[in-house]
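Student: Pasting a structure here, questions to come.
The values are calculated or read from the model by the stated rules, or taken from the named source; none is laboratory data. Treat the numbers as computed from the prediction; the structure is a model and nothing was measured. Note: ideal-geometry Cβ built from the backbone for every residue, glycine included; neighbour counts use all protein chains shown. SASA here: full protein model, heavy atoms, side chains in, ligands and nucleic acids out. Shrake-Rupley method; radii C 1.70, N 1.55, O 1.52, S 1.80 Å.
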Amino acid sequence: MILDVILRVAAKMFIPFILMFGLYVQLHGDFGPGGGFQAGVIIAAAVILYAIVFGKDAATRVVPKWAVEQMVPLGVLIFAGVGVWSMINGGEYLNYNVLLHAGEPIGTYDAVHGQHWGVFLVEIGVLVTVTGTMLTIFYSFTGRGRPQ
Amino acid sequence: MAAGPGFDFAANLPALQVMVPLIGSVVCAVIRQRHLCAAITILCSAVMPVIAFMILWQVQASGTISYAMGGWAPPIGIEYRIDTINAFLLVLVSLMGAVVALYAPRSVGNEIRPEKQGWYYSMYLMCLAGLLGMAITGDAFNVFVFMEISSLAMYTLIALGSERRALVAAFQYLIIGTIGASFYVIGAGLLFLVTGSLNLWDIAQRLPEVENLRSVVAGLAFIVVGFGLKLAMFPMHLWLPNAYAFAPTVATAFIASTATKVAIYLLLRFAFSVFGVDYLTEHAPGGEVFLVLAALAMLVCSVSAIFQINIKRMLAYSSVAQVGYMLAGIAIATDIGLTGSISHMFNHAIVKACLFLAVGCIFFSTGVTRIENMAGIGRTMPLTMAAFVIAGLGLIGVPGTAGFVSKWYLVQAAADVGNWLIIAVIMVSSVLAVIYLGRVVEIAWFREPKSAVVRKPPVEMMAMTWVLALATIWFGVQTDLSAGVPTIAAAELLAGWAE
Amino acid sequence: MNQDVVTELADRPLLEAIATSYNYWITIFLMVSGLYIVVARSNMIKSLVGLGIFQTSVYLLYLSPGKILGGTAPILTEGAQIYSNPLPHVLILTAIVVGVATLALGLALTVRVHEAYGTIEEDEITLIVDREDYAEAGEDAETTP
Amino acid sequence: MVLLTLLAAITVGIIRTRNLFAVVVLSGAYSFLMASVMIILDAVDVAMTEASVGAGISTVLVLGALYLTKIHEDPPRFSAAIPLIVCVATGAMLIYGTWDLPPFGTADQPVNIHVGAHYIAESARETDIPNIVTAVLASYRGFDTLGEVTVVFTAGIGVLLLLKRWGDA
């Protein structure tokens with residue numbers, strides 16, 4: 001059991017840092033390597049570590065199954081929604097240049113900020129779906145139980 | 001398109017064509033309530049043909065449509081490039097999607113657990129979105145991405161069949177499908193390495209500069225093998241019969257009428273638009289091999305069909321044989337040959353979907369899938385079997401049905417190049433079709449009823465089966481859409497893209 | 001690329017070809033081995049692992065030509081002049097994700113097959129299926145769902 | 001070059017090993033090596049993904065599947081002649097196809113001067129995102145990325161459909 005204690009304490013210490021690193025990778029994707037996908041995998045890994053150390057039931061209390069199942073489509077919806085928004089604004093699908101209206105003159109767009117916002121939102125969509133899917137798959141496999 | 005404010009419906013049709021089912025699928029996954037999901041599926045699928053016909057009309061009115069995804073002009077961004085042939089394919093796929101979606105609710109209700117139905121519809125729409133995406137895109141890598149979307153959805157749809165063999169069939173398809181996709185990626189990668197571009201049009205412009213490189217030939221070979229696996233080109237067809245036989249009815253009918261067709265379209269696109277006829281005749285002397293494989297498919301698979309005990313498997317083998325017809329037309333590579341192939345894609349989709357839907361009705365009412373157990377079904381379910389027979393006549397190619405039109409083109413094309421052997425093979429294969437379909441008719445009508453009809457098939461299932469049966473006759477007489485458009489498409493294909 | 005370069009490349013001696021294009025040789029080796037595992041092995045999980053190797057070797061085919069000697073990673077920084085080509089990286093990112101998605105679905109199928117058949121050897125399953133077919137042909141009635 | 005050779009060695013190991021647990025460990029090592037190779041090729045984003053996906057998630061998934069199935073592989077029952085022919089043919093085609101590709105590391109090959117060069121030259125002005133890979137991924141080829149996320153979504157729903165338990169089954 002001593003090993004178990006060490007494991008639990010170490011895991012408790014590590015998980016916040018893993019989550020922080022995930023967020024860093026997500027938000028810093030514009031400047032360094034990384035982005036929504038990598039961040040999603042890292043955050044999912046943190047939860048999986050938690051599940052392995054503290055048991056799956058504890059993990060599903062923190063991150064419930066229904067939530068991850070809804071995250072799977074939600075991310076795609078965010079991504080696709082950005083595209084629809086740019087279409088409504090008169091551009092092509094996923095044309096971030098037209099996401100934001102510039103103040104002056106009326107009817108023009110702030111292309112550079114639009115690009116930033118577009119990429120930011122899209123990466124969040126990726127993050128949500130990837131985290132959700134990885135956890136869904138993990139829960140599905142562990143929830144299956146060994147056949148008798 | 002100028003980035004002016006306001007939503008421009010007509011200009012955004014290409015994006016809508018793919019995004020409506022995609023978003024519909026995602027919404028289904030959020031909602032999960034099965035009746036709502038069925039409603040969403042029907043709504044999205046019913047809008048698809050409308051959009052597809054509008055695109056076809058736009059193409060006919062004002063030529064090729066180029067739609068720059070994300071507003072980045074090609075080849076920098078991803079382009080949707082639509083000319084006659086893929087507009088035609090969009091019409092084909094979306095029509096089939098709509099008919100099968102209208103047929104679906106009670107068939108799905110019968111075969112899939114209630115809790116799973118919401119997600120099942122989601123996968124159906126995703127499969128539709130993936131196939132439409134493959135047909136519409138003008139970017140080599142985007143083809144791969146959408147191929148994987150449709151394939152993953154398809155593996156799932158197949159695996160949900162009620163028998164345990166469906167799982168094995170889905171797994172084998174997954175392996176073969178992934179190998180096929182990887183071969184395609186290798187081929188596209190070689191082209192990318194020598195041209196520096198992923199845009200198909202751009203590649204076509206740059207290929208003449210590097211056409212003497214061996215990498216280009218190898219690229220073509222890998223692409224052909226990749227799609228060959230996907231479209232069940234003989235001898236790479238072994239995954240198909242099991243996949244079709246054990247999938248749920250709705251999945252079989254939809255996949256059988258669309259998936260192989262889209263793969264054939266992509267083969268056409270690469271061979272004729274990207275590489276061009278001149279390149280093929282000069283550097284890739286494979287036409288004869290193709291023709292031999294096509295002939296073998298027609299003969300071997302028609303004979304296999306005769307010996308099947310499961311009716312869905314029988315129809316699946318017949319599909320591989322029909323793919324042989326289409327490949328024969330492509331291998332002949334004349335104007336009429338290509339017209340025949342493209343037209344046969346359309347006609348075969350209608351006919352085969354009708355047959356599978358009729359089989360679905362029978363399964364719904366009696367639970368029978370084995371041919372010998374269908375004894376007397378013609379007397380207990382006369383309407384369903386009548387539709388089956390009409391579609392069967394279409395498959396054989398009796399004059400006055402859709403199948404005749406396209407087979408006539410193919411025979412004519414073969415006669416033009418003086419290839420009498422291929423004509424003989426087409427004839428023999430049609431006779432074999434008479435045999436395997438005749439066997440079903442004989443059992444269904446001339447034997448005493450054996451299986452009781454538990455319940456009548458619902459109205460919408462019968463209606464959709466009959467819509468397709470009537471379409472079989474309609475397109476046998478009225479050929480503006482089923483042969484007129486393919487004629488234009490064939491001419492465009494033969495002209496190629498390279499300037 | 002002009003024709004002179006093309007013929008020059010095609011005519012170079014074997015040893016030089018191996019040395020300058022070592023990346024491709026290993027790529028091909030990995031690809032063929034991966035493919036071999038997939039098609040020759042009957043264990044479903046091993047097939048999936050082989051599929052993974054096959055796909056990863058395709059990544060190398062895309063990535064290695066994008067490298068420019070003396071270049072740096074394609075992140076704009078002060079002082080760097082030559083960047084390696086970012087486009088293959090993007091494509092391969094997508095391909096990796098597609099690969100893991102396929103793997104997950106394949107494993108899920110494997111688990112279900114194991115539950116249904118008690119084995120994950122495709123050879124054994126083929127035998128079971130054949131036996132079923134044989135038994136079925138003798139039966140008369142079919143079970144209604 | 002050394003890394004590439006090691007990769008080849010591991011592949012041989014994977015082919016020869018029958019213990020599936022060992023195969024998983026080897027394939028994890030394979031992924032890490034591959035990630036190192038990718039760093040050498042300047043593909044830092046890809047390397048990061050390969051390390052987290054190939055060595056991380058994939059390994060966890062395969063182990064999970066192994067736990068639910070079994071860890072020993074039976075010897076093959078059928079002869080391996082046909083697969084071998086297929087593989088040799090593929091390999092021959094690949095050698096043929098890559099024979100006249102330009103040597104490693106050159107800047108002036110077509111793949112590096114056409115579209116790729118445009119991204120390097122213009123992305124700062126057009127998107128103002130320093131990491132060109134992110135710019136291409138999320139903006140220039142954003143639609144591919146949407147497709148990629150959709151693939152992940154499809155796989156997620158597929159796994160749920162296959163493995164989720166409802167009540168009895």
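Student: What are the residue pairs meeting all of these: first residue in the range B:375-397, first residue under 15 Å from B:Cys354 (Cβ atoms), second residue among the aromatic types (Phe, Trp, Tyr), Cβ atoms under 6 Å, and 6 or more apart or on different chains?
Tutor: Listed by first residue and then by second, the contacts come to B:Ala387/B:Trp466; B:Gly397/B:Phe404.
Student: Restrict the check to the range B:39-56 and report whether at least one residue is closer than 24 Å to B:Gly496 by Cα, touching a helix residue (DSSP H, G or I) at 6+ places or on another chain (Cβ under 6 Å) and small (Gly, Ala, Ser).
Tutor: Yes, the conditions are met somewhere in the range B:39-56.
Student: Considering only helices (runs of 4 or more DSSP H) fully contained in the range B:298-411, which possess at least 3 residues that are in contact with a Ser or Thr (Cβ under 6 Å, 6 or more places away or on another chain)? Explain how you work it out, then say what you get.
Tutor: Details: elements: B:302-306, B:311-332, B:335-366, B:377-380, B:382-396.
Filter on the range B:298-411 gives B:311-332, B:335-366, B:382-396.
Student: Which residue, of D:Ala47, D:Ala29, is more than 8 Å from chain C (Cβ to nearest Cβ) and either touching a strand residue (DSSP E or B) at 6+ places or on another chain (Cβ under 7 Å) or crowded, with 23+ Cβ neighbours inside 10 Å (or both)?
Tutor: Numbers: D:Ala29 fails: either touching a strand residue (DSSP E or B) at 6+ places or on another chain (Cβ under 7 Å) or crowded, with 23+ Cβ neighbours inside 10 Å (or both).
Just a single option satisfies the conditions, and that option is D:Ala47.
Student: Something else now. Restricting to the range C:66-101, give me the number of residues that are at the interface with chain D (Cβ under 7 Å from one of its Cβ atoms) and either closer than 25 Å to C:Ile53 by Cβ or touching a Pro at 6+ places or on another chain (Cβ under 9 Å) (or both).
Tutor: Within the range C:66-101, residues that are at the interface with chain D (Cβ under 7 Å from one of its Cβ atoms) and either closer than 25 Å to C:Ile53 by Cβ or touching a Pro at 6+ places or on another chain (Cβ under 9 Å) (or both) number 21.
Student: Related question: When the range B:289-309 is examined, which residues are found to be touching a residue at least 24 places away in the same chain (Cβ under 8 Å) and surrounded by fewer than 18 Cβ atoms within 10 Å (Cβ to Cβ)?
Tutor: B:Leu296, B:Leu299, B:Val303, B:Ile306, B:Ile309
Student: State the number of residues belonging to the range D:99-128 that are within 21 Å of B:Leu200 (Cα to Cα) and either modelled with pLDDT under 75 or at the interface with another protein chain (Cβ under 7 Å from one of its Cβ atoms) (or both). Explain how you work it out, then say what you get.
Tutor: As a first pass, look at the range D:99-128 and keep what is within 21 Å of B:Leu200 (Cα to Cα): D:101, D:109-119.
Of the ones still in play, those that are also either modelled with pLDDT under 75 or at the interface with another protein chain (Cβ under 7 Å from one of its Cβ atoms) (or both) are D:101, D:109-116, D:118-119.
The total comes to 11.
Student: What pairs come out if I take residues in the range B:53-77 that are under 14 Å from B:Asp202 (Cα atoms) and within 14 Å of chain A (Cβ to nearest Cβ) and pair them with residues that are open to solvent by 30 Å² or more (accessible area, probe 1.4 Å) and not aromatic (Phe, Trp, Tyr) whose C-beta lies under 6 Å away, six or more apart or interchain?
Tutor: B:Ser66/B:Arg81; B:Ile76/D:His118
Student: Could you count how many residues in the range C:27-85 are in a loop (DSSP other than H, G, I, E, B), touching a Gly at 6+ places or on another chain (Cβ under 7 Å) and closer than 29 Å to D:Leu137 by Cα?
Tutor: Initial filter on the range C:27-85 (in a loop (DSSP other than H, G, I, E, B)): C:41-42, C:67-71, C:73-74, C:76-82, C:84-85.
Those still in the list that are touching a Gly at 6+ places or on another chain (Cβ under 7 Å) too: C:41, C:67-69, C:82, C:84-85.
Of the ones still in play, those that are also closer than 29 Å to D:Leu137 by Cα are C:67-69, C:82, C:84-85.
Result for the range C:27-85: 6.
Student: Let me ask something else. C:Asn23 - would you say it is within 29 Å of D:Ala22 (Cα to Cα), at pLDDT below 80, crowded, with 22+ Cβ neighbours inside 10 Å and within 9 Å of chain D (Cβ to nearest Cβ)? Before the answer, list the steps.
Tutor: Working: within 29 Å of D:Ala22 (Cα to Cα): yes; at pLDDT below 80: yes; crowded, with 22+ Cβ neighbours inside 10 Å: yes; within 9 Å of chain D (Cβ to nearest Cβ): yes.
Yes.
Student: Would you call D:Val44 at pLDDT 85 or above, β-branched (Val, Ile, Thr), on the phi < 0 side of the Ramachandran plot and in contact with a Leu (Cβ under 8 Å, 6 or more places away or on another chain)?
Tutor: Working: at pLDDT 85 or above: yes; β-branched (Val, Ile, Thr): yes; on the phi < 0 side of the Ramachandran plot: yes; in contact with a Leu (Cβ under 8 Å, 6 or more places away or on another chain): no.
Considered against the rule, which asks whether it is at pLDDT 85 or above, β-branched (Val, Ile, Thr), on the phi < 0 side of the Ramachandran plot and in contact with a Leu (Cβ under 8 Å, 6 or more places away or on another chain), D:Val44 comes out as no.
Student: Still on this structure: Picking from B:Val477, B:Val453, B:Val431, B:Val459, which residue would you name as being of a type outside the set (Phe, Trp, Tyr) and touching a helix residue (DSSP H, G or I) at 6+ places or on another chain (Cβ under 8 Å)? Walk me through it before giving the result.
Tutor: Numbers: B:Val477 fails: touching a helix residue (DSSP H, G or I) at 6+ places or on another chain (Cβ under 8 Å); B:Val431 fails: touching a helix residue (DSSP H, G or I) at 6+ places or on another chain (Cβ under 8 Å); B:Val459 fails: touching a helix residue (DSSP H, G or I) at 6+ places or on another chain (Cβ under 8 Å).
B:Val453 is the lone residue from the list that is of a type outside the set (Phe, Trp, Tyr) and touching a helix residue (DSSP H, G or I) at 6+ places or on another chain (Cβ under 8 Å).
Student: May I pose another question? Can you tell me which condition B:Val30 does not meet? The list is (1) within 14 Å of chain A (Cβ to nearest Cβ); (2) outside any helix (DSSP H, G or I), and all the others hold.
Tutor: Unmet for B:Val30, out of (1) within 14 Å of chain A (Cβ to nearest Cβ); (2) outside any helix (DSSP H, G or I): (2).
Student: On to the next question. Which of (1) touching a His at 6+ places or on another chain (Cβ under 9 Å); (2) at pLDDT 85 or above does C:Thr102 not meet, given it meets every other one?
Tutor: (1)
Student: Give me a count of the residues in the range A:119-143 that are farther than 30 Å from D:Leu68 by Cα, open to solvent by less than 10 Å² (accessible area, probe 1.4 Å) and more than 8 Å from the chain's Cα centre (by Cα). Show your work before the answer.
Tutor: Going through the range A:119-143, the residues farther than 30 Å from D:Leu68 by Cα turn out to be A:119-125.
From the residues that got through so far, the ones that are open to solvent by less than 10 Å² (accessible area, probe 1.4 Å) too are A:119, A:122, A:125.
From what is left, the residues that are more than 8 Å from the chain's Cα centre (by Cα) are A:119, A:122.
Going through the range A:119-143 one residue at a time, the tally reaches 2.
Student: For D:Val37, state whether it is of a type outside the set (Ser, Thr, Tyr), part of a helix (DSSP H, G or I), more than 23 Å from C:Pro88 (Cα to Cα) and open to solvent by less than 40 Å² (accessible area, probe 1.4 Å). If you could, list the steps in order and put the result at the bottom.
Tutor: Numbers: of a type outside the set (Ser, Thr, Tyr): yes; part of a helix (DSSP H, G or I): yes; more than 23 Å from C:Pro88 (Cα to Cα): no; open to solvent by less than 40 Å² (accessible area, probe 1.4 Å): yes.
Criteria not met by D:Val37.
Table: residues versus (1) outside any helix (DSSP H, G or I); (2) at pLDDT below 85; (3) out of contact with any helix residue (DSSP H, G or I) (no Cβ under 9 Å at 6 or more places or on another chain).
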| site | (1), (2), (3) |
| --- | --- |
| D:Leu4 | no, yes, no |
| D:Ile15 | no, yes, no |
| D:Val25 | no, no, no |
| D:Leu33 | no, no, no |
| D:Thr49 | no, no, no |
| D:Leu63 | no, no, no |
| D:Tyr67 | no, yes, no |
| D:Pro75 | yes, yes, yes |
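Student: When you go through (1) modelled with pLDDT of 90 or more; (2) open to solvent by 30 Å² or more (accessible area, probe 1.4 Å) one by one for A:His101, which number turns out not to apply?
Tutor: Of the numbered conditions (1) modelled with pLDDT of 90 or more; (2) open to solvent by 30 Å² or more (accessible area, probe 1.4 Å), the odd one out for A:His101 is (1).
Student: State all residues of the range B:331-357 that are open to solvent by 10 Å² or more (accessible area, probe 1.4 Å) and under 10 Å from B:Ala490 (Cα atoms); if no residue qualifies, say none.
Tutor: Quick first cut of the range B:331-357, residues open to solvent by 10 Å² or more (accessible area, probe 1.4 Å) only: B:331-336.
Within the range B:331-357, B:Ala333, B:Thr334, B:Asp335, B:Ile336 meet the criteria.
Student: Quick test of your reading of the structure: B:Leu92 fulfils all but one of (1) touching a Ser or Thr at 6+ places or on another chain (Cβ under 8 Å); (2) away from chain D (no Cβ under 13 Å); (3) open to solvent by 10 Å² or more (accessible area, probe 1.4 Å). Name the failing condition by number.
Tutor: Failing condition for B:Leu92: (3).
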